[in-house]
Each structure stands twice: as structure tokens, then as C-alpha cells.
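These notes are about the structure you will find just below.
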Amino acid sequence: TFIPAKLLRKLAAYQKRGAGWLLSLYEARMGGILADEMGLGKTVQVIAALSAAKKKNGTMLSVIVTPTSLVYHWLAEFKRFDDSLTVRLISGVREERRRQILEARGDPSVDVLLTSYPLLRRDIENIREFPLRFAILDEAQFVKNAQSVGATAAKELNAQVRVALTGTPMENAPTELWSVFDFLMPGCLHTHRQFQARYEIPILKNGDQEALRTL
């Protein structure tokens, strides 16, 4: 494994499998949902995957987008599990954030840009052209409305691999799942209109079990 030994010792068996799965997505350049329930350590599995990818292929910038309330939790988890990763927090007024983003892009030692959904919406023009290794959405139900500014901004991130972290990938309606997949792998579940006609309307209005099994 490419996960650093010090970090590997801290992982439960299922977390090792989760981190390995994230790395398989990276190798295949595919997107995916890590849908472990709350408290099972999605954060540390991501950190392990980031560490392993760096060990294997060197430093390359990744972006993690979180709800505002979880930004400092992520910072603490990086410090706790792998403080060898260089993380830059995006914060402050507009010009300060722009400077932070450009400095991170110009610093080859930076591994992770950490920002929030509200700030990503405001700063996407400064981030969208960056070549990224991972674009990771924590609590990805924040982009369940595919037409929202936040969802549109997230889909503009230029990443080799897109990952969504959520314990509720299909919480209220199939459209939420479509919206997350439209970030992960655009077109995989067809256009929204096609998805509604093929899956959502038959499942919700007609109780179509075959459509549900197919989905």
C-alpha cells in the first residue's frame, strides 16, 4: 500500500478498504460516492487516499469543499492523522481569498485547498482553471439542487477525480442522487429530463420496481 505506515496503523479495517477504494477511483479516473454513515470516519479515509496518491505520484493540488461549520474540523483531522500534508484554508474578504488561492497555486508544496460551499460560489472564477488531483465535496447533499449556484460552481472544478462524501445519497428524492452524479460523472445518469422520465417519475408516481432495480 502507498498509505504511510504511521497513518495506516490508525485505520480500522473497513477504513483501509474505503481508502483503497478511493485510490482505485483515482487510478481509473472515475468519480464515486463514499456513503458511510456519520461517525464512521469518511474524513480519515479521504486523508489516507490523499496521502497515498502523494506518495505514489508526488504533490498535486486537491480541493475539499465543506459546509462552513466543518472547515476547522477538517483542519484538525489533517493535523491529527497526517500533518505532512500541506493544507491551505481559504478565508477572509474577497481580495484576501484571491491572494490565498493564487499563492497556493504557485506553491508546489501545497497539497490541499480547503474551502466552504459559500466561498466556492464566490471564488470559482479563481479556481476553475486549476488542474486538480481530487475535488471532494463533504456533505454532498449541499449540491442536491442541481440548478443552485453551489452545484454549478462545484461542477466547474477541473479535477482528475471527483468524490462525494455523504451518508444520505438518496435522502428525499432520486433527483438528489442525479445531482450528485452530475458532479461526479456528468452524463452517467443522462440529462435531468431523461433521468426523470426513465427513473424518477416511474419510481415515485407509479411505484415501478423494475425502474428502481435498474437505477
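The values are calculated or read from the model by the stated rules, or taken from the named source; none is laboratory data. Quick caveat, the model's predicted, so the values are computed rather than measured. Positions of Cβ are generated from backbone atoms using ideal geometry, with glycine treated the same way; all protein chains shown enter the neighbour counts. Each accessible area value is taken on the protein alone, full model and side chains, heavy atoms only, with ligands, DNA and RNA left out. Shrake-Rupley method; radii C 1.70, N 1.55, O 1.52, S 1.80 Å.
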statement: To the nearest 0.05, the calculated FRET efficiency linking Ser24 and Glu125 through their beta-carbon distance, R0 being 35 Å, is 0.60
- line: Ordered by number, the trypsin sites (Lys or Arg not before Pro) in segment 108-215 that occupy a DSSP loop and have at most 16 other Cβ atoms within 10 Å are Arg128
- prompt: Using a Förster distance of 41 Å, how high is the FRET efficiency between Gln209 and Tyr14, based on the Cβ-Cβ distance and rounded to 0.05?
  reply: 0.85
message: Just to verify a number: FRET efficiency for Val93 and Asn145, C-beta to C-beta distance, R0 = 30 Å, to 0.05?
response: 0.65
- line: Ranked by GNM mean-square fluctuation in the chain (Cα springs under 10 Å), the top entry among Leu23, Leu61, Leu102 is Leu102
- line: Residue-normalised 222 nm signal for the chain, counting each DSSP H run of n ≥ 4 as -39,500 (n - 2.57), nearest 500 deg cm²/dmol, is -14000 deg cm²/dmol
statement: Subtracting the Cα-Cα distance of Thr59 and Ala197 from 0.36 nm times their residue separation yields 45.3 nm
- line: Share of accessible surface on carbon and sulfur in the chain, whole %, 1.4 Å probe and ligands ignored, is 52 percent
- request: Please give every one of the lysines within straight-line cross-link reach of Lys79, meaning a C-alpha to C-alpha distance under 26 Å, and leave out same-chain neighbours fewer than 8 residues apart.
  value: Lys6, Lys10, Lys16, Lys42, Lys54, Lys55, Lys56
statement: Cα pairs beyond 18 Å in segment 152-206, in percent, come to 36 percent
- prompt: Relative contact order for the chain using alpha-carbon pairs under 8 Å, separation at least 6, rounded to a whole percent?
  reply: 22 percent
query: Taking 0.36 nm per intervening residue step and subtracting the Cα-Cα distance, what contour gain separates Met38 from Thr152 on full extension?
result: 38.5 nm
- prompt: Can you tell me the accessible area per residue over the chain, all protein chains present, probe 1.4 angstrom, in square angstrom?
  reply: 49 Å²
